[in-house]
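Below is one structure, written out as structure tokens; the observations come after it.
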Amino acid sequence: MMRHITLSLFLFVVVSLLGCSQPGANPPQPTEQSVQLLLFSAPWCPKCQPEIQQIDALVKTELKEKAERLKTTVYVVSGASLAQKPTTQVVADYRTQLNVDFDVAPDPWRFQKYHAYYPELKPEVLLPAAVILKESGEKKVFRPGNFSPEEVLGHLEDALK
């Protein structure tokens with residue numbers, strides 16, 4: 001009796017596995033990569049706020065079907081002036097001022113994240129700056145202060161394909 005149950009269970013498993021390997025039975029699903037958009041900004045930067053708000057609007061309208069795969073963080077690199085640290089209060093005030101659906105956080109240790117992507121600029125800071133990171137490890141680093149929201153959107157569309 002026990003042998004019969006074991007044999008039946010074995011046959012069930014084999015048939016189940018064979019059924020899964022037939023062409024078209026369970027086609028592999030393409031994996032969709034998540035993408036990170038890092039934006040570097042500061043309250044004193046006149047170009048930063050409008051560009052970040054334009055990127056937010058474009059993401060909401062042009063990428064709304066793919067938005068769940070995109071994580072955007074605005075890193076605040078300094079306080080009210082370049083010499084000041086981005087305190088918790090500065091970041092909270094700037095988040096309110098930006099009024100976007102992105103995470104807003106301080107760049108730790110005075111430009112640590114910024115200089116990880118722009119080491120050639122030490123100790124200078126050019127803003128705004130943007131970096132796109134794909135789960136695969138690929139990255140697109142935009143020239144700081146010299147890109148458009150539409151250019152960022154185009155690269156995001158490619159990264160989210």
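Scanning the stretch 30-44 for residues that are assigned to a loop (DSSP other than H, G, I, E, B) and over 20 Å from Thr88 (Cβ atoms), we see that the one that is modelled with the lowest pLDDT is Pro30. When you check Gln84 against the structure, is it more than 24 Å from Glu150 (Cα to Cα) and part of a loop (DSSP other than H, G, I, E, B), yes or no? Criteria met by Gln84.
Residues satisfying the criterion are present in the stretch 121-134 (criterion: out of contact with any helix residue (DSSP H, G or I) (no Cβ under 8 Å at 6 or more places or on another chain), farther than 19 Å from Pro43 by Cβ and modelled with pLDDT of 90 or more). Considered as a group, the residues in the stretch 95-111 that are at pLDDT 90 or above and in a helix (DSSP H, G or I) include one that is surrounded by the fewest Cβ atoms within 10 Å (Cβ to Cβ), and that residue is Thr96. Among residues of the stretch 93-120 that are touching a residue at least 40 places away in the same chain (Cβ under 8 Å), those with a beta-carbon under 9 Å from a residue that is surrounded by fewer than 17 Cβ atoms within 10 Å (Cβ to Cβ) and part of a helix (DSSP H, G or I) at least six positions away or on a different chain give the pairs Leu98/Gln53; Asn99/Gln53; Val100/Gln53; Val100/Ala57; Asp101/Lys60; Asp101/Ala67; Phe102/Arg95; Tyr114/Leu121. When Phe12 is evaluated against the numbered criteria (1) modelled with pLDDT under 90; (2) under 15 Å from Ala129 (Cα atoms); (3) among the aromatic types (Phe, Trp, Tyr), which criterion, by number, is the only one it fails? Just one mismatch for Phe12, condition (2).
Of the residues screened, Lys140 is one that is assigned to a strand (DSSP E or B), of a type in the set (Lys, Arg) and out of contact with any Asp or Glu (no Cβ under 8 Å at 6 or more places or on another chain).
The values are calculated or read from the model by the stated rules, or taken from the named source; none is laboratory data. Fair warning: this is a prediction, and the values are worked out from it, not measured in the lab. For neighbour counting, all protein chains shown are included, and Cβ atoms are generated from backbone atoms with ideal geometry for every residue, glycine included.
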